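Accompanying notes for the structure given below.
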Amino acid sequence: MRLTDPVETLKGVGPAAVKKLQILGIKTIYDLIDYIPRRYDDYSHLQLIKDTQPGPVTLQVTISQAKGRYVRRGLHITEAVATDASGSVKLTWFNQPYRASAIKPGQLYYISGEFGFNGRQLNITNPSIELVSDFPVNTARILPIYRETKGFTSKQIRLQVKNAIPLIRKLPETLPDWIVEEYDLLDRANAYEGLHFPESSESLAEARKRLAFEEVFRLSLASMLVKQEAERSDATPVAFNEKLAKEFVSNLPFDLTNGQRRAVWSIYKDIEKPHPMNRLLEGDVGAGKTVVAAMSAVMALQAGYQVAVMAPTELLARQHADTLTTLLQPLGLADRVRLLVGGMTKKQKENLKQAIKQESGSLIVGTHALLESDVLPKDLALIVVDEQHRFGVEQRKKLMKKSAKTPHVLSMTATPIPRSLALTLYGEMEITILDEKPGNRKNIKTHLVPPTDRPKIYTALKTELDSGRQAFVVCPLVSESETLPVKSAEEAFEQLSKGPLKAYKIGLLHGKMKPADKDVIMQQFVRRELDVIVSTTVIEVGVDVPNATVMLVENPERFGLAQLHQLRGRVGRSEHQGHCYLMLADSKAPSRRLKAIASSTDGFKLAELDLELRGPGAIYGTLQHGALDLRIARLSDVKLIADARASAQKFISNGDNLLHYKELHKHVTQLQKVTQLN
């Protein structure tokens with residue numbers, strides 16, 4: 001057998017199992033071996049019956065008096081007695097009618113399960129059971145728990161992986177020998193066997209260390225090679241014009257923060273070079289990224305080059321076009337701003353695309369419409385990608401290919417990413433963090449509200465509305481759910497319109513609406529034709545309404561920490577105090593997550609906590625980074641990440657030839673395809 005053979009070539013994998021494994025994404029034997037456990041249950045400590053305490057236990061026993069019966073239709077109970085030298089304990093299995101006949105009297109068994117009260121009697125319910133052997137699979141060891149599917153449990157997956165052990169032990173090494181030796185790593189075969197069938201918590205830690213190291217090493221090496229290749233590409237140098245920069249700053253109605261000044265200076269130095277800039281600008285909500293983008297664009301515009309600004313939604317693109325027009329007005333460059341979005345008429349698009357082909361020094365703001373094949377900029381020198389994780393890698397590449405030379409790229413994100421994660425994910429990019437807010441911004445006050453205080457919150461909300469401010473009400477669902485006891489946007493809209501807020505103008509906004517309809521509602525809100533918007537998370541990123549000062553979030557337990565931070569960032573975007581009320585589902589003590597969001601407005605600290613609470617890899621749901629998924633490495637393990645990155649740098653510095661490492665070459669090449677500039 002080979003690793004690439006279909007999984008059904010393994011002993012004991014029949015047609016039914018094949019279907020279940022395919023649902024889990026397992027098609028080949030290697031897919032099975034590479035199926036990483038989600039967590040582990042430790043049943044490795046053998047006990048005597050007399051020493052058992054409520055909780056997980058493992059015993060070595062003989063089993064007698066095994067009998068099964070139906071107590072009512074659809075419910076079968078098997079009961080038995082387990083005995084060792086110290087005493088006896090009752091065993092109970094539900095809906096496993098085969099159990100009684102499968103148990104062999106006089107044989108020694110391992111049983112692992114939960115010891116506790118069933119009714120009024122102490123027993124072990126639904127234990128796993130195996131004949132005593134040197135290699136138990138489902139008892140008497142640290143048990144891997146996998147992502148499962150209906151009708152196919154971790155127990156069955158373990159049995160399939162056990163059948164693959166001969167192939168696991170033949171896995172080829174992927175890392176250079178000097179790395180394995182220098183960092184005292186297990187070989188790859190032992191690491192995979194230790195991941196699925198650890199002998200101890202120490203051996204599991206060694207297995208995870210090896211595979212986590214390789215994950216970060218591969219990703220770092222791919223990023224560094226991409227960066228190296230980009231540095232050999234040609235870009236259009238954009239000269240720094242000090243007079244223009246000073247004129248821009250002098251016309252701003254506010255002072256730049258030190259962070260903005262440092263970011264702009266880094267960008268100016270980058271775009272002066274004949275090689276493409278590839279910089280990620282991370283800024284917490286309200287940190288002033290758009291001003292930095294505008295100052296970057298000014299240099300290229302004044303030099304006669306074109307700049308493209310790509311945003312994920314039409315609403316955000318229009319917002320950027322308005323903001324950039326205002327910022328460029330004092331310099332006499334406002335007439336250079338062009339807006340290209342899907343909502344324009346066919347004639348408007350045709351005229352604009354023709355102008356883009358012919359004119360110099362224009363700033364083209366758009367959505368995915370910028371990627372259309374007939375959008376052909378004359379001389380594109382700089383690309384700004386807002387909320388860059390909302391775009392696929394291929395989309396970013398498509399925009400870059402619209403220039404004869406590789407354009408400079410400034411990617412921006414308002415999703416705070418811990419530096420450890422940013423360095424690992426975006427090693428091919430230079431990273432700039434805006435960690436200050438403009439001086440006129442006040443920290444948003446976040447309040448955890450029990451349901452009994454709802455009337456007080458409506459009173460506070462009306463006070464804000466009566467003083468001329470505006471409000472958001474955010475719900476986790478669009479429509480009412482039969483299975484989830486949470487408030488929907490449609491339900492909240494109906495209740496508020498007829499109840500406590502009936503005197504105010506209220507709009508409804510959610511993801512099932514057509515883009516044009518969503519845009520109409522938001523434009524009405526921006527123009528203050530609406531006092532309140534009831535919405536789902538479609539307002540999470542980018543919406544800028546300085547007059548909105550209050551937000552009520554229903555069922556905050558249903559949202560992630562980073563998501564709640566993004567949501568509340570929609571209010572308090574002016575000199576007025578912002579308030580975010582988190583309406584709890586019940587009067588129980590709030591979770592650690594919700595207490596954290598109420599006590600801190602630092603998005604980077606909250607992102608670190610989010611990683612800690614959610615575990616490795618979980619952040620990819622929000623980053624949408626796809627193939628760059630860390631399944632084993634923990635981003636809190638700063639030393640491992642530093643060592644893996646250092647070894648990748650040393651690999652390049654030593655002049656090691658990647659082609660000499662077949663498996664490593666394959667994986668790194670795949671990763672290079674999904675990073676920024678390859």
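What order, most packed first, do the peptides 577-590, 1-14, 335-348 have when packing is the mean number of other Cβ atoms within 10 Å of each residue?
Numbers: 577-590: 17.9, 1-14: 13.9, 335-348: 16.0.
Descending packing order for the listed peptides: 577-590, 335-348, 1-14.
For the chain, with the dipole built from +1 on Lys and Arg beta-carbon atoms and -1 on Asp and Glu ones, taken about the Cα centre, which of Leu324, Pro127, Leu530 lies farthest toward the positive end?
Leu530
How long is the gain from Glu494 to Lys442 if the chain were fully straight, where each residue apart is worth 0.36 nm and the alpha carbon distance is subtracted?
Details: separation 52, 0.36 × 52 = 18.72 nm, distance 3.25 nm.
This chain segment gains 15.5 nm when fully extended.
With a sphere of radius 11 Å drawn around the Cβ of Glu199, what net charge do the other residues whose Cβ falls strictly inside it have (Lys, Arg +1; Asp, Glu -1)?
Local net charge: -2.
Report for the chain the percent antiparallel among DSSP-assigned beta bridges with both residues inside it, nearest 5.
Expressed as a percentage, antiparallel bridges in the chain total about 40.
Given a 1.4 angstrom probe, I'd like the percentage of the accessible area of the range 2-142 that is carbon and sulfur, rounded to a whole number.
51
What value, in deg cm²/dmol to 500, does the helix sum -39500 (n - 2.57) over DSSP H runs of n ≥ 4 give at 222 nm once divided by the residues of the chain? Before the final figure, lay out the partial values.
Details: 24 runs with 253 residues, N = 678.
Result for the chain, helices only: -11000 deg cm²/dmol.
Strictly over 29 Å apart at the Cα level, which of Lys243/Lys445; Lys27/Lys662; Lys227/Lys353; Lys170/Lys227; Lys27/Lys155 would you flag in this model?
Working: Lys243/Lys445 40 Å; Lys27/Lys662 22 Å; Lys227/Lys353 32 Å; Lys170/Lys227 34 Å; Lys27/Lys155 19 Å.
Checking Cα-Cα distances, Lys243/Lys445; Lys227/Lys353; Lys170/Lys227 exceed 29 Å.
Using a basic spin-label model with each label point 7 Å from the Cα along Cα→Cβ, how many nm lie between Ala589 and Arg558?
Each label point lies 7 Å from its Cα, and together they span 2.6 nm.
Taking H as built 1.01 Å from N, whose amide H comes closer than 5 Å to the amide H of Phe115, not counting residues under 5 places away?
Gly55, Val57
With a/c under 1.5 counting as rounded, go ahead and sort the range 24-118 into rounded, prolate or oblate using the C-alpha gyration tensor (a ≥ b ≥ c being the square roots of the eigenvalues; past the cut-off, prolate if a/b is larger than b/c, else oblate). Don't skip to the end; give the middle numbers.
Details: a/c = 2.02, a/b = 1.36, b/c = 1.49.
It is oblate, given that a/c is not under 1.5 and a/b is not larger than b/c.
How far, in nm, would the chain grow between Ser479 and Lys273 when pulled straight, counting 0.36 nm per residue and subtracting the alpha carbon separation?
68.9 nm
Classify the range 314-367 as rounded, prolate or oblate, taking a ≥ b ≥ c as the square roots of the eigenvalues of its Cα gyration tensor: rounded when a/c is under 1.5, otherwise prolate if a/b is larger than b/c and oblate if not.
Oblate.
Using a cut-off of 12 Å between beta-carbons, work out the net charge of the residues near Glu494 (Lys and Arg +1, Asp and Glu -1, Glu494 not included).
0
Mind giving me the nanometre distance, one decimal, between the label points for Asp517 and Gln107, set 7 Å out from Cα along Cα→Cβ?
A separation of 6.3 nm, rounded to one decimal place.
For a quick size check, give me the Cα extents of the chain along its three principal axes, largest first, whole Å.
Principal-axis extents of the chain (Cα, largest first): 94, 70, 44 Å.
Could you point to the residue in Val553, His660, Val384 farthest towards the positive end of the chain's charge dipole, with +1 and -1 charges on the Cβ of Lys/Arg and Asp/Glu respectively?
Value: Val553.
With a point put 7 Å past each Cα toward its Cβ, work out how far Glu430 is from Arg2 in nm, to one decimal.
That separation, rounded to one decimal, is 4.6 nm.
At a threshold of 8 angstrom on Cα-Cα distance, excluding pairs fewer than six apart, so keeping six or more, what relative contact order does the range 29-152 reach in percent?
So the answer I get is 30 percent.
Quick one: 3J(HN,Hα) in Hz for the range 341-355, Karplus 6.51/-1.76/1.60 with θ = phi - 60°, rounded, Gly and Pro as x.
Those phi angles translate into 9, x, x, 6, 6, 4, 5, 4, 4, 4, 5, 5, 4, 5, 5 Hz.
Please state, as a whole number in µm²/s, the translational diffusion coefficient that the Stokes-Einstein equation yields for the range 33-89 at 20 °C and 1.002 mPa s, with Rh defined as the Kirkwood radius across alpha carbon pairs. Mind showing how you got there, number by number?
On the way: Rh = 14.2 Å.
It diffuses with D of about 150 µm²/s by this estimate.
Starting at the first residue of the range 153-162, write each ³J(HN,Hα) from the Karplus equation 6.51 cos²θ - 1.76 cosθ + 1.60 with θ = phi - 60°, in whole Hz, x for Gly and Pro.
Values, residue by residue: 9, 4, 4, 6, 5, 4, 4, 5, 5, 4 Hz.
So which of Lys378/Lys398; Lys289/Lys595; Lys162/Lys666 end up more than 19 Å apart by C-alpha?
Lys289/Lys595; Lys162/Lys666
Determine ³J(HN,Hα), in whole Hz, for all residues of the range 602-610 in sequence, where each value follows from phi through the Karplus function 6.51 cos²θ - 1.76 cosθ + 1.60 and θ = phi - 60°; x replaces Gly and Pro.
With the stated coefficients, the range 602-610 comes to 8, x, 6, 5, 5, 5, 4, 5, 4 Hz.
Taking the Cα centre of the chain as the origin, how large is its charge dipole in debye, to the nearest 20, when only Lys and Arg (+1) and Asp and Glu (-1) carry charge on their Cβ atoms? Walk me through the numbers before you get to the answer.
Numbers: 91 positive and 77 negative charges, 309 e Å.
It works out to roughly 1480 debye.
Hey, can you grab everything whose amide H is under 5 Å from the amide H of Ala66? Only 5+ residues off in sequence or another chain; H modelled, so Pro and N-termini drop out.
Val81
Given H placed on each backbone N at 1.01 Å, which residues far from Val309 in sequence or on other chains put an amide H within less than 5 Å of it?
Result for Val309 returns Ile364, Val365, Gly366, Val384.
Around Ser599, what is the net charge, scoring Lys/Arg as +1 and Asp/Glu as -1 over all other residues with Cβ under 15 Å from its Cβ?
Numbers: positive: Lys445, Arg568, Arg592, Arg593, Lys595, Lys605; negative: Asp602, Glu608, Asp610.
My count for the surroundings of Ser599 gives +3.
Treating the beta-carbon of each Lys and Arg as +1 and of each Asp and Glu as -1, no other charges, what is the dipole magnitude of the range 161-246 about its Cα centre, to the nearest 20 debye?
Using only the charged Cβ atoms, the result is roughly 440 debye.
Quick one: putting +1 on the C-beta of Lys and Arg, -1 on the C-beta of Asp and Glu, what dipole do you get for the range 158-305 around its Cα centre, in Debye to the nearest 20? Present the calculation step by step, with values, prior to reporting the outcome.
Working: 19 positive and 22 negative charges, 96 e Å.
Dipole about the Cα centre, nearest 20: 460 debye.
Picking from Gly288, Val307, Gly342, whose Cα lies most toward the positive end of the charge dipole for the range 288-357 (charges on Cβ: Lys, Arg +1; Asp, Glu -1)?
Highest projection toward the positive end goes to Gly342.
The values are calculated or read from the model by the stated rules, or taken from the named source; none is laboratory data. Here the structure is a predicted model, which is why all the values come from computation and not from measurement. Reconstructed Cβ throughout: ideal geometry from the backbone, glycine too, with neighbour counts over all protein chains shown. Please note that ligands, DNA and RNA were not included when accessible areas were found on the heavy atoms of the full protein model with its side chains. Shrake-Rupley method; radii C 1.70, N 1.55, O 1.52, S 1.80 Å.
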